[in-house]
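Trainee: Once you've had a glance at the structure underneath, I'll fire off some questions.
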Amino acid sequence: MAQTIDNINWYPGHMKKTRELIRENLKMVDAVVEVTDARIPVSSRNPLIDEILGSKPRIIALNKSDLADSAGSKGWAAWFEQQGFAVVSMNASSGSGIKDLLRILEKMEKEKNAASAVKRPFRLMIVGVPNVGKSSLINRMSGRKSAKTGDKPGVTRGKQWIRLSNGMQLLDTPGILWPKFEDPKAGVNLAFCGSIKDEIMDLPTLGMELIGVLADQYPDLLIARYKLEEVGETPLETMEAMAMKRGCILPGKRIDYERIARLVLDEFRAGKIGRITLEQPPAGA
Ligand SMILES: Nc1nc2c(ncn2[C@@H]2O[C@H](COP(=O)(O)OP(=O)(O)O)[C@@H](O)[C@H]2O)c(=O)[nH]1
Ligand SMILES: [Mg+2]
């Protein structure tokens with residue numbers, strides 16, 4: 001079952017504090033892993049990320065790649081690489097891709113050591129918007145269950161460095177950045193992925209919007225999963241056909257829009273409809 005995530009209540013003061021905290025932590029680290037959701041690599045990034053991180057060596061992690069279309073992730077990796085970033089496709093839950101991430105970090109460490117006379121442990125931190133998998137990644141990298149998964153910002157009592165098996169040091173608390181909540185499209189994408197409260201719009205509308213996107217971008221997956229003849233002319237038509245197939249019917253033979261919406265959102269978030277990338281890289285990448 002997909003979980004509903006409470007939003008951190010972002011307000012200007014909180015945003016400013018977050019930025020300051022990250023700026024302080026940036027002084028101590030050699031590299032940053034920016035975690036994104038591979039299904040929505042635009043919507044799942046903080047709007048000021050480049051400004052906040054500056055020129056600090058950075059790896060962009062396309063996380064939850066198990067849920068994303070592999071062609072989509074390849075396209076995104078190419079696109080981010082064109083922007084000059086190191087990229088890794090990964091699954092912080094299973095650990096797949098972690099080795100690639102470590103290999104990139106070790107290469108960064110070598111470059112840094114070659115350039116500096118004084119050697120000290122290579123230090124990193126993880127940043128990203130809520131629910132992209134930051135805590136899961138910290139747990140995976142450290143090999144322990146220390147970081148709480150879920151969205152609540154942990155209460156930080158002093159910085160703790162976790163020593164990794166390759167000798168690097170990882171900051172135990174991630175930088176939690178605010179999402180692009182001013183961009184309605186990003187808000188909807190984040191809601192599709194369960195990363196902000198569903199209440200961004202009413203549930204039947206959110207479900208219908210998702211069905212519309214899936215009918216456009218992945219009609220075959222939708223047809224296969226819900227045993228449809230074809231996708232409808234409109235999202236509403238498709239939604240109604242799906243409701244009939246799944247028995248989401250109320251007394252009086254009325255469509256249970258609430259139930260079919262819940263169902264499609266849950267199945268999408270669990271990856272049951274298939275591997276889906278909702279945002280495609282710009283053409284030409
Ligand atoms: N399918 C899948 N789920 C993941 C992955 N990484 C994290 N999750 C799940 O996504 C949710 C949010 O993860 P969490 O690490 O708490 O994200 P955080 O808010 O960025 O710290 C949890 O339910 C995780 O189990 C992944 O690569 N694939
Ligand atoms: Mg977390």
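Trainee: Among the listed pairs Lys64/Lys112; Lys185/Lys272; Lys64/Lys119; Lys56/Lys110; Lys134/Lys185, which are separated by more than 27 Å between their Cα atoms?
Mentor: Working: Lys64/Lys112 29 Å; Lys185/Lys272 23 Å; Lys64/Lys119 34 Å; Lys56/Lys110 16 Å; Lys134/Lys185 23 Å.
Where the Cα-Cα span goes over 27 Å, the pairs concerned are Lys64/Lys112; Lys64/Lys119.
Trainee: Next question. Compare the peptides 103-113, 199-209 by average per-residue count of other Cβ atoms within 10 angstrom and give them in order, highest first. Walk me through the numbers on the way to the answer.
Mentor: Values: 103-113: 15.5, 199-209: 17.5.
The peptides rank, most packed first, as 199-209, 103-113.
Trainee: Taking the highest mean first, how do the peptides 183-193, 225-235 order by number of other beta carbon atoms within 10 angstrom per residue? Working shown, then result.
Mentor: Working: 183-193: 20.2, 225-235: 15.2.
The packing order, highest mean first, is 183-193, 225-235.
Trainee: Report, as a whole number in µm² per second, the diffusion coefficient that Stokes-Einstein gives for the chain at 4 °C and 1.567 mPa s using the Kirkwood radius over alpha carbon pairs. Please report the intermediate quantities before stating the final value.
Mentor: Details: Rh = 20.1 Å.
So the translational diffusion coefficient is about 65 µm²/s.
Trainee: Could you sort the peptides 165-173, 78-86 by per-residue average Cβ neighbour count (10 Å cutoff), highest mean leading? Walk me through the numbers on the way to the answer.
Mentor: Working: 165-173: 17.4, 78-86: 14.1.
Output ranking for 165-173, 78-86: 165-173, 78-86.
Trainee: Express in whole angstrom the spacing between the alpha-carbon centres of the stretch 197-244 and the stretch 61-116.
Mentor: Here the two parts' Cα centres lie 32 Å apart.
Any read-out appearing in this document is the output of simple, stated calculations on the displayed coordinates, not a laboratory observation. Every value quoted in this text rests on a predicted model; they were computed, and no experiment measured them. FYI the Cβ positions are ideal-geometry reconstructions off the backbone, even for glycines, and counts take in every protein chain you see.
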